1. Taking amide H positions as placed 1.01 Å from N in the peptide plane, with prolines and chain starts having none, which residues 5 or more places from V273, or on another chain, fall under 5 Å of its amide H?
2. Return P(r) of the chain (all Cα-Cα pairs; 20 Å bins starting at 0; whole %; ordered from short to long distances).
3. Could you compute the FRET efficiency for L118 and W319, with r as their C-beta to C-beta distance and R0 at 35 Å, rounded to 0.05?
4. Put +1 on the Cβ of every Lys and Arg and -1 on every Asp and Glu Cβ in the range 3-320; which of G152, A193, L230 then has its Cα farthest towards the positive end of the dipole?
5. Which residue, chosen from L167, I98, P293, occupies the Cα position most advanced towards the positive end of the dipole of the chain, where the dipole is computed from +1 (Lys, Arg) and -1 (Asp, Glu) charges on Cβ about the Cα centre?
6. Could you give the angle, 0 to 90 degrees to the nearest 10, between helix 247-269's Cα long axis and the longest principal axis of the Cα atoms of the chain?
7. So if I place +1 on the C-beta of Lys and Arg and -1 on the C-beta of Asp and Glu, and nothing else carries charge, what would the dipole magnitude of the chain be about its Cα centre? I want it in debye, nearest 20.
8. What does the highest-first list of 293-306, 276-289, 213-226 look like by mean Cβ count within 10 Å?
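The values are calculated or read from the model by the stated rules, or taken from the named source; none is laboratory data. The structure displayed is predicted, hence computed values, not measured ones. Glycine also receives a Cβ, built like all others from the backbone with ideal geometry; neighbour counts cover every protein chain displayed. Please note that ligands, DNA and RNA were not included when accessible areas were found on the heavy atoms of the full protein model with its side chains. Shrake-Rupley method; radii C 1.70, N 1.55, O 1.52, S 1.80 Å.
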Amino acid sequence: MSLQEFWFVLIGVLFTGYFVLEGFDFGVGMLMPILGRGSDTRRRVVLNTIGPVWDGNEVWVITAGGAMFAAFPEWYASMFSGFYLALLLLLVSLILRICAIEYRGKINDPRWRTRCDLGIGIGSWVPALAWGWVFANIVRGVPLNEKKQFAGSVWDLLGPYALLGGLTTGLLFALHGAVFLGLKTGGEVRDDAQRTAKMLLAPTAVVVGGFGVWTQLAYGTGWTWIPLGLAVFGLVAAGAAVFADRDGWAFAGTAVTVVAATALLFGSLFPNVLPSTIDAAFDLTIHNASSTPYTLKVMSWAAVLVTPVVLAYQGWTYWVFRKRITVDQIPAPVGLPLESVKD
């Protein structure tokens, strides 16, 4: 395996980890108004399931973006210029979500918490839809000219395949979040999470299956039938586990689907990193978009040394906070009165 191939695979792994971990974070934020309805205590139960881990999960996308910038600077430059408005909207929504989560409990006022909940919802729905849309456009290709520069407009990014990609990640992350909440909560919140997961199963299966088949037939290769089959198997297994009241197996099933779907996208893209819809001669590939061999070699040693430490730390975090959360465990709010902040 060449260094270019190694870093393409590693970036795929980083995005896979991000979608698996941050995917259920997004799902929790998307479902918070539904599963937390009628009670601030219920909403705090929902939010506290990701409280100790959500910021650590976001490290994966920061690392993936940094790896893309260092290993494939042409890919990074062309993608971030072509998708500028979309990625700016995604970044702003993530910042809004971060601020809303961090500041929600600082002030003990219903109106304040309602506004923060709105920020959490927007900051979860927008990235959940945007990531699928972005990666669908990457696989499909964008108008790149002979200078490897984006030569289109935002309307070139709004094709049916790209929009279906956004709907796919939106529904899949919502289901992933519902299953995660079934695993991490108890009592009435868990019961509602399981009911929500059952409601989401059928539409998610239809949309994910349709997008996966479209990707395979239009852009896939022989071996990418395997991740497509695994994605379908994961959804079937998750559905069976939800109806059998096996929360852990249900979460494993949706996680397999997220992993397999990401593998399908990166497998269909390889060896390109950003195809051109103008002329195949203008495609960005792992060879013409990569950094120098020396840069890739230094990065590889850094990745080998640091990655196990990060994985061990995150694994330890999830183990420490593995218990279920119920309404009875939530204490009274301790935030400052809103009037004292205004003064």
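1. It is L284, T285, I286, by chain and number.
2. 30, 56, 14, 0
3. Computed FRET efficiency for L118 and W319: 0.60.
4. Towards the positive end, the residue furthest out is A193.
5. I98
6. With both axes taken from Cα atoms, the answer is about 20 degrees.
7. Using only the charged Cβ atoms, the result is roughly 620 debye.
8. 276-289, 213-226, 293-306
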